[in-house]
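See structure below.
Read the figures in this text as sums done on the coordinates, not as results from a lab. Keep in mind that this is a model prediction, so the values were computed, not measured. Heads up, the Cβs are rebuilt from the backbone with ideal geometry, glycines too, and the neighbour counts pull from every protein chain shown.
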Amino acid sequence: MSSKLDLNSYRVNYEKNREFDFKKIINPFNLFQQWFEEFDNDNFESEVNAMTLSTINKQGFPKSRVVLLKEFDENGFIFYSNYKSEKGVSIDYNNRVCLSFFWEEHQRQVIIKGYAEKTSLSKSLTYFNSRPRGSKLGALVSNQSSVIDSKKILSDKLIQLEFKFSDTNIPMPSNWGGYLVTPIEFEFWQGGKNRLHDRLRFLKDKNRWIKHRLSP
């Protein structure tokens, strides 16, 4: 790097002014769904279901990457992956994870802590069968997170599999499937003027949610 990059002048003013009605917000799932639908209905080019998944590996290092949310309800949040990938191995070791959604155009962020568990085989199979043909083949082609010598290895394997399954159904790999993240904590963040952001946290206490307003 030839010179130091000064980022001090990089600044965004948060002026959406969508303050929380603290007393009326009772259920974090309802608020998440409201925010999700509001962003989705505005038809931004951003993927509303893109979320950052953070895991911790055996060496104690956290790692974050963007994955796609595929389903949510009051049971939790579901995404799909190769179970032998780096994130899959980390979840096997420590199933405490964090999900983060950043909807920049609405100046909103949601952070969710919880426990990740594999979904049922039937659930994974139903979703796999709904995927486009190319996505199914991609799941078979890639040993996710493994070291490869070149991308040509993948393209050659894809050609072989396209021929092999040209007239038959594409099977779901045995090491592929879904994860359900069951939340124990939500934090909702709404940008505000003068950096006086709104922050609302829900903590799970047995069968109820306890909410707190946090200082920005």
Inter-label distance for Ser46 and Glu74, nm, one decimal - labels placed 7 Å from Cα along Cα-to-Cβ = 2.9
Go through Leu5, Ser90, Thr119 and say which Cα lies farthest out towards the positive end of the charge dipole of the range 1-160; charges sit on Cβ, +1 for Lys and Arg, -1 for Asp and Glu.
-> Ser90
Magnitude of the Cβ-charge dipole of the chain, K/R +1 and D/E -1, about the Cα centre, nearest 20 debye?
-> 700
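How would you classify the chain from its alpha-carbon gyration tensor, with a ≥ b ≥ c the square roots of the eigenvalues: rounded for a/c under 1.5, else prolate if a/b is greater than b/c, otherwise oblate? Each step should come with its number before you reach the end.
Values: a/c = 1.98, a/b = 1.57, b/c = 1.26.
Because a/c hits 1.5 or more and a/b exceeds b/c, the chain counts as prolate.
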If each of Thr182 and Val67 carries a label point 7 Å out from its Cα toward its Cβ, how far apart are those two points in nm?
-> 1.7
15 Å beta-carbon shell around Lys204, net charge (K/R +1, D/E -1) = +2
With each pseudo-label sitting 7 Å past Cα toward Cβ, what's the Ile153-Lys193 distance in nm, one decimal?
-> 5.7
Classify the range 1-106: rounded, prolate or oblate, from the alpha-carbon gyration tensor (a ≥ b ≥ c, eigenvalue square roots; a/c under 1.5 rounded; otherwise prolate if a/b is larger than b/c)?
-> oblate
Past 32 Å, Cα to Cα, is the threshold; run Lys24/Lys87; Lys87/Lys211; Lys23/Lys58; Lys4/Lys84 against it and keep the listed order.
-> Lys24/Lys87; Lys23/Lys58; Lys4/Lys84
Over the chain, what is the relative contact order in whole percent, taking alpha-carbon pairs under 8 Å and six or more residues apart?
-> 24
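Taking Cα pairs under 8 Å and at least six residues apart, what relative contact order does the range 1-84 come out at, in percent?
Working: 49 pairs, mean separation 12.8, N = 84.
Taking the mean separation of contacting Cα pairs over the length of the range 1-84, I get 15 percent.
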Taking every pair of alpha-carbon atoms in the range 141-216, what share in percent sits in each 10 Å bin, from 0 to the bin with the longest distance?
-> 14, 23, 16, 13, 23, 11, 0
Counted charge near Met172, where neighbours are those whose Cβ lies closer than 10 Å (Asp, Glu -1; Lys, Arg +1) = +2
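As a test of the formula, what do you get for the chain when each DSSP H run with n ≥ 4 contributes -39,500 (n - 2.57) and the sum is divided by the residue count, at 222 nm and rounded to the nearest 500 deg cm²/dmol?
Computed ellipticity for the chain at 222 nm equals -7500 deg cm²/dmol.
How would you rank 79-88, 61-70, highest first, on the average number of other Cβ atoms within 10 Å across their residues? If you can, show how the numbers build up before the last one.
Details: 79-88: 19.9, 61-70: 12.5.
Result, highest mean first: 79-88, 61-70.
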